[in-house]
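Everything below concerns the one structure shown next.
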Amino acid sequence: MTAYLIKGFYGNLPVILMSVTVILLAGILIYVLVRLHREYDMLDKMLDSAIEGNFQEKRFDEFMLSRLESKLYQFLSSSSLGRKKVEEERGKVEELIANISHQTKTPITTIRLYAGLLEEKDLPEEEHLLARRIAEQNDRMAFLIENLVKMSRLENGIVAVHPVKQDIAVLMESLAGIFEKNEERRILFDPSYRSQEPIIACYDLKWTVEAISNIIENAIKYTDQDGKIKISVIPYQSFTAIEIKDNGIGIAEEEQASVFLRFFRSEKVNDKKGVGLGLYLAREIITKQGGYISLQSEEGKGSCFRVFLSER
C-alpha cells in the first residue's frame with residue numbers, strides 16, 4: 001500500500017510541480033500588479049501636487065520606493081524649490097519696479113514745476129530757451145521711465161494680458177476717442193467696420209489700445225502735417241487685422257527687421273523725439289495675446305503696419 005502511494009505520488013509529481021509553479025506565478029503576478037498599482041498611485045499623487053504647486057518634501061524609506069519614484073521625488077523637490085526661488089525673485093523685481101516708479105515721480109514733477117516757473121519769469125530769451133530745454137528733457141525722462149516700467153512688468157510677467165472675445169468695434173471706438181479730436185486732419189478711421197456684421201476678435205482692450213496707440217503715435221511722428229494716416233479693420237479667416245497706413249517718410253528695407261527691437265533708433269530720425277520702445281512694447285503686448293504684427297514699407301512712400309488679433 002505504501003509503495004503504491006509512493007509510486008502514485010511520484011507519478012503525479014509533474015502535475016504537483018506544475019500546480020505549485022502556477023500558484024507561485026499567480027502570486028508573483030498579483031504582487032507585481034499590486035506593486036505597480038501602488039507605484040502608479042504614488043507617482044500620480046506626486047505629479048498632481050507638483051502641478052498644483054504644493055509639492056512638499058517628505059522622508060521616504062528608500063526600500064519602499066522604486067528607483068523611478070526616488071528620481072522623480074528628487075526632480076520634483078528641486079523643481080518646487082526652483083519655482084519658489086523664481087517667485088521670490090519676481091516679487092523682488094516687482095518691488096524694485098514699484099519703488100523706481102514711485103521714487104521718480106516726485107523729482108520729475110518738481111523739475112517740471114520749476115521749469116514752468118522759470119519760463120514765466122521775465123528772463124532773457126536765452127534763459128527762456130534753457131528752461132524749455134529742461135522741461136523737454138524732463139518730459140523725455142518721465143516718458144522713458146514710464147515705458148521702462150511697462151516693459152519690465154510685461155517681460156517679468158508681473159502684468160499679464162487677459163484677452164477675451166469681443167467686438168472689434170470696441171477697440172476702434174476707444175482708439176478713435178483718443179486720436180480723432182487731436183489729429184482729425186491727418187487721421188482717418190475707416191467706418192466700414194460699423195456697417196458690417198460684428199467682427200469678433202480675442203484681445204485685452206486696455207493693452208491692445210496701448211499697443212496700437214504706440215504704432216499710431218509712431219505714424220504721426222514720421223508723417224508730415226499735410227500727410228494722412230488711415231486706420232482700417234480687415235477680417236481674415238482666423239485673424240482680424242487692424243491696419244495703420246501712412247504716407248510718411250517710410251522705413252528703409254535694411255532697417256525694417258530692427259524697428260521692433262528694444263531701444264532701436266534709426267540714424268535718419270535722430271532729430272525726432274523718442275527712445276525706441278514704442279514698437280517694441282507693441283509687439284510684446286500683441287504677441288502675448290497670440291497675435292502678431294507685420295510691416296510693409298518703402299522709404300519715402302510711407303509704412304503699413306498690420307496688427308493681427310486672433311479669433312480664438
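Can you name the residue in the stretch 149-168 that is over 28 Å from Ala115 (Cα atoms) and assigned to a helix (DSSP H, G or I) and is also modelled with the highest pLDDT among such residues?
Going residue by residue through the stretch 149-168, those that are over 28 Å from Ala115 (Cα atoms) are 151-168.
Next, only the ones that are assigned to a helix (DSSP H, G or I) stay: 151-155, 168.
Details: Met151: 76, Ser152: 75, Arg153: 72, Leu154: 74, Glu155: 70, Ile168: 93.
Residue satisfying both the conditions and the ranking: Ile168.
Residue by residue, here is whether (1) crowded, with 16+ Cβ neighbours inside 10 Å; (2) aliphatic (A, V, I, L, M) holds:
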| site | (1), (2) |
| --- | --- |
| Ile244 | yes, yes |
| Glu267 | no, no |
| Lys272 | no, no |
| Lys288 | yes, no |
| Gly300 | no, no |
| Phe308 | yes, no |
| Arg312 | no, no |
Legend entry - One residue from Leu175, Leu171 being assigned to a helix (DSSP H, G or I), surrounded by fewer than 21 Cβ atoms within 10 Å (Cβ to Cβ), touching a strand residue (DSSP E or B) at 6+ places or on another chain (Cβ under 9 Å) and not acidic (Asp, Glu): Leu175
Inset, instruction - Kindly indicate whether Glu146 is under 30 Å from Ser101 (Cβ atoms), in a helix (DSSP H, G or I), open to solvent by 80 Å² or more (accessible area, probe 1.4 Å) and acidic (Asp, Glu). - result: yes
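Would you please name the residue that is farthest from Ile234 (Cα to Cα), looking only at residues in the stretch 271-312 that are among the basic types (Lys, Arg) and part of a helix (DSSP H, G or I)?
Keep residues of the stretch 271-312 that are among the basic types (Lys, Arg), which gives 272-273, 283, 288, 301, 306, 312.
Right, trim to part of a helix (DSSP H, G or I) and you get 283, 288.
On the way: Arg283: 19, Lys288: 21 Å.
Filtering first and then ranking leaves Lys288.
Based on what the data block shows, is Ile108 more than 22 Å from Val209 (Cβ to Cβ), open to solvent by less than 40 Å² (accessible area, probe 1.4 Å) and not charged (D, E, K, R)?
Working: more than 22 Å from Val209 (Cβ to Cβ): yes; open to solvent by less than 40 Å² (accessible area, probe 1.4 Å): yes; not charged (D, E, K, R): yes.
Yes: the conditions hold for Ile108.
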Legend entry - Single unsatisfied condition, His162 versus (1) surrounded by 15 or more Cβ atoms within 10 Å (Cβ to Cβ); (2) without any contact (Cβ under 8 Å) to a residue 60 or more places away in the chain; (3) within 15 Å of Gly290 (Cβ to Cβ): (1)
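So which of Val275, Val269, Val233 is over 19 Å from Phe189 (Cβ atoms) and in contact with a helix residue (DSSP H, G or I) (Cβ under 6 Å, 6 or more places away or on another chain)? Give the steps one after another, and end with the answer.
Working: Val269 fails: in contact with a helix residue (DSSP H, G or I) (Cβ under 6 Å, 6 or more places away or on another chain); Val233 fails: over 19 Å from Phe189 (Cβ atoms).
Of Val275, Val269, Val233, the one residue that is over 19 Å from Phe189 (Cβ atoms) and in contact with a helix residue (DSSP H, G or I) (Cβ under 6 Å, 6 or more places away or on another chain) is Val275.
Going residue by residue through the stretch 131-153, is there one that turns out to be more than 21 Å from Val275 (Cβ to Cβ) and in contact with an Asp or Glu (Cβ under 9 Å, 6 or more places away or on another chain)? Steps first, answer last, please.
Kept after step one, since they are more than 21 Å from Val275 (Cβ to Cβ), are these residues of the stretch 131-153: 131.
Keeping just the survivors that are in contact with an Asp or Glu (Cβ under 9 Å, 6 or more places away or on another chain) gives 131.
Yes - at least one qualifying residue is present in the stretch 131-153.
Return the residue satisfying two criteria in turn: it lies in the stretch 246-265 and is closer than 30 Å to Tyr193 by Cβ and more than 27 Å from the chain's Cα centre (by Cα), and of such residues it is surrounded by the most Cβ atoms within 10 Å (Cβ to Cβ).
Restricting to residues being closer than 30 Å to Tyr193 by Cβ and more than 27 Å from the chain's Cα centre (by Cα), the top hit is Asp246.
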Legend entry - Whichever residue in the stretch 117-136 is over 39 Å from the mean Cα position of the chain (by Cα) and surrounded by 11 or more Cβ atoms within 10 Å (Cβ to Cβ) and, among such residues, is farthest from Glu146 (Cα to Cα): Leu123
Inset, instruction - Go over the candidates Glu127, Glu173, Glu197 one by one and state the one that is outside the structural domain of Thr240 (by the TED database) and on the phi < 0 side of the Ramachandran plot. - result: Glu127
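The values are calculated or read from the model by the stated rules, or taken from the named source; none is laboratory data. Predicted model, so just to flag it, every value in this text is computed and none were measured. Heads up, the Cβs are rebuilt from the backbone with ideal geometry, glycines too, and the neighbour counts pull from every protein chain shown. Surface areas here come from the heavy atoms of the whole protein model, side chains and all, with no ligands, DNA or RNA. Shrake-Rupley method; radii C 1.70, N 1.55, O 1.52, S 1.80 Å.
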